[in-house]
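J.: Below is one structure. I have some questions about it.
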Amino acid sequence: MNILSVESSCDETAVAIVRDGREILTDCIASQVDLHRLYGGVVPEIASRKHIEAIYGLADQALARTGLSRKDIDAVAVTYAPGLIGAVLVGVNFAKAAAMAMGKPLIPVHHIRGHIAANYLAYPELEPPFLCLVVSGGHTMIVEVKDYTEMEILGTTLDDAAGECFDKVGRVLGMPYPGGAAVDRAARQGDEHKYQLPRSKPGANPYNMSFSGLKTAALNLIHHAEQVGEEIDIPSLCAAFTAAVSDTLVPRVELALKETGYRKIAVAGGVAANSRIRHDILAAAERMGAQVYMPPLSLCGDNGAMIGAQAYYEWKAGNVADMSLNAYATKSILGETL
Ligand code: KG4
Ligand code: ZN
């Protein structure tokens, strides 16, 4: 089954063609990052306009690159939630039009389910059940993937997402948007013990997390140094910050493996590209005797192929939409409107 899949929830416009949920025939992406960098973050209105400009050409490119014609496409899938509402709407409207014009099923996909499904593309042998650490720009949670479309959230951040904090710290340190990858690179040269940053344990659920205190502590440290004319050791601050994020994520993953008995742990989302977090997850999995699944960096960030991967399983479960499909800025991974 060839699924033409569309992703436009943030600042990448992406159209892919994925076969049977596992094989990427093509994955075409137009990134807007350079444009938003001028403003230090994503400007929603600009994102929507750029999606409109790029999406038709990307779909043509996807067909041309694979040599497939429209009649070879069996369904159209699209990220329908969550994301910047104007941006998501562009993809949803395009996908509705394409599905209608081709007379093919329309499959709505939750963006975070797509991130998790990036693992199915990287690991043909991976099947649920497994645990997944989702760390992206907007989400941070530990998910029990019971089946392809049946999930439970074990724990989640109660405030900021890890990616948001990486970007904020990067921005205040004068790094270009999005700061996550630059903080990661700088951290590798630093001494993580030079600065002390907090690790929080919010509430009764041991899997829940909080990053806003850590973010504020890092920002205060930087601003204080500026005020007293002290020079910040940027690599060491990045290393201390990254260590604090990893120390928040990894012990919870280890606890989840211990408590649930699962021996498969996957990671997903843009922050899953972080070298320190990848290293610490590998070490934790080794301690626990668990198998680790980490998509290559190209599949950690937003892309169309991950939507096509999840779409195959949504379709198998009967989760198709009609032309009344809407876009949602927020919606839980379980499908509940927030
Ligand atoms: O999953 P994603 O592409 O988009 C969302 O769904 O949010 O994640 C983007 C986030 C950004 O915050 C970006 O800075 C972060 O992933 N990121 C990283 C790294 N690469 C991307 N954060 C830390 N280390 C990295 N190497
Ligand atoms: Zn994403």
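J.: If the reach is capped at under 12 angstrom between alpha carbons, list the aspartates and glutamates near K168, excluding any in the same chain fewer than eight residues apart.
T.: D160
J.: Return the FRET efficiency for the residue pair S332, H193: r is the Cβ-Cβ distance, R0 is 51 Å, and the value is rounded to the nearest 0.05. Before the final figure, lay out the partial values.
T.: Numbers: r = 38 Å, r/R0 = 0.75.
Efficiency at R0 = 51 Å is approximately 0.85.
J.: OK, next. What stretch of the chain, leaving out the sites themselves, is the longest with no GluC sites (Glu not before Pro) in a DSSP loop having at most 15 other Cβ atoms within 10 Å?
T.: Details: sites that count: E125, E230, E231, E336.
Result for the longest clean stretch: 1-124.
J.: Could you go through segment 23-33 in sequence order and give the Karplus-derived ³J(HN,Hα) for each residue, using 6.51 cos²θ - 1.76 cosθ + 1.60 with θ = phi - 60°, rounded to whole Hz, and x for Gly and Pro?
T.: Using θ = phi - 60°, the values come out as 10, 7, 7, 7, 9, 9, 10, 10, 8, 9, 4 Hz.
J.: Now a separate question. Under a plain spin-label model, where a point goes 7 Å from the Cα along Cα-to-Cβ, how far apart in nm are A317 and A225?
T.: About 4.5 nm separates the two model spin labels.
J.: How big is the equivalent ellipsoid of segment 255-334 along its three axes, where each semi-axis is √(5λ) from the Cα gyration tensor, reported in whole Å from largest to smallest?
T.: Details: eigenvalues 178, 53, 28 Å².
For segment 255-334, the ellipsoid semi-axes come out as 30, 16, 12 Å.
J.: Also, I was wondering about something else. Could you list which residues have their amide H under 5 Å from that of S210, counting only those 5 or more apart in sequence or on another chain, with H placed in the peptide plane?
T.: Result for S210 returns L158, S200.
J.: If you find the alpha carbon centre of segment 307-338 and of segment 15-79, how far apart are they in angstrom?
T.: Between the Cα centres of segment 307-338 and segment 15-79 lies a distance of 18 Å.
J.: Given a 1.4 Å probe, how much area per residue of the chain is accessible, in Å²? The partial results should precede the final answer.
T.: Numbers: 13920 Å² over 338 residues.
Result: 41 Å² of accessible area for each residue.
J.: From the Cα gyration tensor of segment 12-166, with a ≥ b ≥ c the square roots of its eigenvalues, which class applies: rounded if a/c is under 1.5, or else prolate if a/b is larger than b/c, or else oblate? Walk me through the numbers on the way to the answer.
T.: Details: a/c = 1.91, a/b = 1.13, b/c = 1.68.
Oblate, because a/c is 1.5 or more while a/b does not exceed b/c.
J.: First obtain the Kirkwood hydrodynamic radius of the chain from its Cα pairs, then insert it into the Stokes-Einstein equation at 4 °C and 1.567 mPa s, and state the resulting D in µm² per second as a whole number. If you can, show how the numbers build up before the last one.
T.: Details: Rh = 20.3 Å.
Calculated translational D: 64 µm²/s.
J.: Let me ask another. Along the Cα-to-C-beta direction of K258, a point sits 7 Å from the Cα; which residues of segment 146-162 have their amide N less than 13 Å from that point?
T.: none
J.: Helix-only mean residue ellipticity at 222 nm, the chain, DSSP H runs n ≥ 4 weighted -39,500 (n - 2.57), per residue, nearest 500. What is it?
T.: Numbers: 11 runs with 150 residues, N = 338.
It lands at -14000 deg cm²/dmol.
J.: In the chain, what percent of the accessible surface is made up of carbon and sulfur (1.4 Å probe, ligands and nucleic acids excluded)? If you can, show how the numbers build up before the last one.
T.: Details: 7190 of 13920 Å².
Carbon and sulfur together cover 52 percent of it.
The values are calculated or read from the model by the stated rules, or taken from the named source; none is laboratory data. Everything quoted here is computed from the prediction, not taken from an experiment. Using ideal geometry, Cβ is built from the backbone for each residue, glycine included, and neighbour counts are taken over all protein chains shown. All accessible areas refer to the heavy atoms of the entire protein, side chains included, with ligands and DNA or RNA removed. Shrake-Rupley method; radii C 1.70, N 1.55, O 1.52, S 1.80 Å.
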